[in-house]
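Visitor: Just passing along the structure, written as structure tokens.
The values are calculated or read from the model by the stated rules, or taken from the named source; none is laboratory data. Note that this is a predicted model, so its numbers are computed, not measured. Don't worry about glycine lacking a Cβ; one is built from the backbone with ideal geometry, like all the others, and counts go over all protein chains shown. All accessible areas refer to the heavy atoms of the entire protein, side chains included, with ligands and DNA or RNA removed. Shrake-Rupley method; radii C 1.70, N 1.55, O 1.52, S 1.80 Å.
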Amino acid sequence: FLASLTNLQKVRLEKNPISDGIAEHLKDLKNLEAVNLNETKITKAGLDKLLKNSGIKRIYYWHTAAEIEKL
């Protein structure tokens, strides 16, 4: 259902058992500016998909596999 929220600007998904699949639901949201993925299972591959959305200005990914892999 996230992809249907076309006016979504910020989303806080921290401390949820989500992984790279979430990127598919968020990457095309044109108004999305900030995503909090702290303490999730997101990896660098998932973040790379999100970074294709030029509208996203901030991605928080503290305590994730992506943090360990370094962007």
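Visitor: How big is the chain along each principal axis, measuring the range of its Cα positions in Å and listing the largest first?
Guide: 31, 22, 17
Visitor: Then there is this: At 1.4 Å probe radius, can you tell me the per residue accessible area of the chain in Å²?
Guide: Accessible area per residue, the chain: 65 Å².
Visitor: What number, in percent, do you get for the relative contact order of the chain if the mean sequence gap of Cα pairs under 8 Å and at least 6 apart is divided by its residue count?
Guide: Working: 138 pairs, mean separation 23.3, N = 71.
33 percent.
Visitor: Next up: Given Cβ point charges of +1 (Lys, Arg) and -1 (Asp, Glu) and nothing else, what value in debye, to the nearest 20, does the dipole of the range 15-63 about its Cα centre take?
Guide: Using Cβ point charges on Lys, Arg, Asp and Glu, the range 15-63 gives about 100 debye.
Visitor: With the full set of protein chains in place, find how many percent of the accessible area of the range 27-71 is carbon and sulfur; take the probe as 1.4 Å.
Guide: It is 52 percent, rounded to a whole number.
Visitor: Need one number: nm distance between label points at ILE68 and LEU5, each 7 Å from Cα along Cα→Cβ, rounded to one decimal.
Guide: 2.8
Visitor: Please give me the summed charge of the neighbours of ASN38: other residues whose Cβ is under 14 Å from its Cβ, Lys and Arg +1, Asp and Glu -1.
Guide: Around ASN38, the surrounding residues sum to +2.
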